[in-house]
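Visitor: Structure incoming, see below.
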Amino acid sequence: MISESKKIVDINLKLEKKIKENILFLAEKLLSQQDLLSGAGFALYNESTTRSWEIAWLYRPQSHRLAKNYCLNKASQHLVDYQTFSWFSTVKETKEGYLHGPYVDYICNSTYTLTYLYPVYFDKQLIGVAAADVMVGQLEQILRDTLANERLPIVMTTPSGRIFFSNLPNYRVGELKSRSALIAHLRSQYFTLWGEDSEYGAIPP
């Protein structure tokens, strides 16, 4: 969609109205298909002296089934510099997708959130980040229901060690996992599954 825009130039990136509408349409479609997601959209970065951002975002409040638009007031958009956020420097340096959090999302849902971010390029120039939100509480409920009959101690963290699920009372969501006797049973690009051997055996893969 962005590459089709005739108004995009290196020094004056801008989301045309049609592009923004298309992004919101795709975000709404994604949210309607994935109940686990609470928000989705795109943040366009203008690498200029003003270092401004444009946001096209759709989110679903905790108490609603329908998604709602969320766009920063144009007069204040430039005041939010995502370049200062750790996730921006990570996707910029790695040029890969990145799972950020858990963190408290004070803008949309005021709850613990995981955000998956992916850098977007135009003519080999980083112009923004596409992203989708997952509320940790919903993910935790799904994991809890799935593991309802499991008596094995389990802790799930981001690769950096930030906890987003645990069935142990001394491991709290949002905290960094401390050094302990738990063993890493499964590692992926986005999470690590920790557990321990017990009378029930090791955690299954």
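Visitor: Has the range 138-159 got at least one residue that is of a type in the set (Lys, Arg) and in contact with a strand residue (DSSP E or B) (Cβ under 9 Å, 6 or more places away or on another chain)?
Guide: yes
Visitor: Could you list all residues from the range 86-109 that are open to solvent by 80 Å² or more (accessible area, probe 1.4 Å) and on the phi > 0 side of the Ramachandran plot?
Guide: Residue satisfying the conditions is Lys95 alone.
Visitor: Looking at Asp105, Asp81, can you tell me which residue is at pLDDT 65 or above, under 14 Å from the mean Cα position of the chain (by Cα) and not aromatic (Phe, Trp, Tyr)?
Guide: Selected residue: Asp105, the only one of Asp105, Asp81 that is at pLDDT 65 or above, under 14 Å from the mean Cα position of the chain (by Cα) and not aromatic (Phe, Trp, Tyr).
Visitor: Among the numbered criteria (1) under 15 Å from the mean Cα position of the chain (by Cα); (2) at pLDDT below 85; (3) open to solvent by 70 Å² or more (accessible area, probe 1.4 Å), which single criterion is violated by Arg144?
Guide: (1)
Visitor: Using the structure shown, decide if Ser5 is open to solvent by less than 30 Å² (accessible area, probe 1.4 Å) and at pLDDT below 85.
Guide: Answer is yes for this residue.
The values are calculated or read from the model by the stated rules, or taken from the named source; none is laboratory data. What you see is a predicted model; the values in this text were computed from it and never measured. Cβ coordinates were reconstructed from backbone atoms using ideal geometry, including for glycine residues, and neighbour counts include every protein chain displayed. To get the accessible areas, we keep the full protein, side chains included, count just its heavy atoms, and leave off ligands, DNA and RNA. Shrake-Rupley method; radii C 1.70, N 1.55, O 1.52, S 1.80 Å.
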